[in-house]
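Notes for the one structure printed next.
The values are calculated or read from the model by the stated rules, or taken from the named source; none is laboratory data. Source: prediction; values computed, not measured. For neighbour counting, all protein chains shown are included, and Cβ atoms are generated from backbone atoms with ideal geometry for every residue, glycine included.
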Amino acid sequence: MSKTASADTEKLSKLLSEELELYGQIRKLTEKQTELLAEDDIDAFNISLEQREALIEKIKGLHQESNPLMHSCVSDDKIDKLKKKIRIELEACSKNNDKNISVLHEKTQDHTKKIDEQSSKRKGIGGYAQSVPNTPEMFDKKT
């Protein structure tokens, strides 16, 4: 293997290792999001989503840098292992993310149902309130 090919392989290995680390952080954040959803801590959940988005942006940058090297480098055992580990992390993230989306969908439906019920109750109360006189004389009279 030439010095250039060896240097490219080493650089690709370093970039993939960094990507793997970031994917691990995303997996941990996704697992934390599951806990936050269970606790109904939506503010912390939103912060976690922002953190995950920042990690994804970093991965995009690394991927842009590693993509040309992927095409030029000869297959290497170390690189193949890193790719496999990245795939495993991605699958775990995807699985957890799908669970979180399902939970969010259920919570959204529950909250929508509760809001509709409250709206119906408010309309019912409004109908009764209209039939009660609310003139100042009614409240100012001493009985």
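Some observations on this one:
- The one condition from (1) at positive phi; (2) modelled with pLDDT of 95 or more that Leu22 does not meet is (1).
- Here the condition is being within 28 Å of Lys14 (Cβ to Cβ) and free of Cβ contacts under 8 Å to residues at least 40 places away in the same chain; of Lys85, Lys81, it holds for Lys81 alone.
- Filter result for Glu89 (among the acidic types (Asp, Glu) and either surrounded by 15 or more Cβ atoms within 10 Å (Cβ to Cβ) or touching a strand residue (DSSP E or B) at 6+ places or on another chain (Cβ under 6 Å) (or both)): yes
- Residue list for region 1-19, restricted to those being closer than 19 Å to Glu91 by Cα and surrounded by 19 or more Cβ atoms within 10 Å (Cβ to Cβ): Leu16, Glu19
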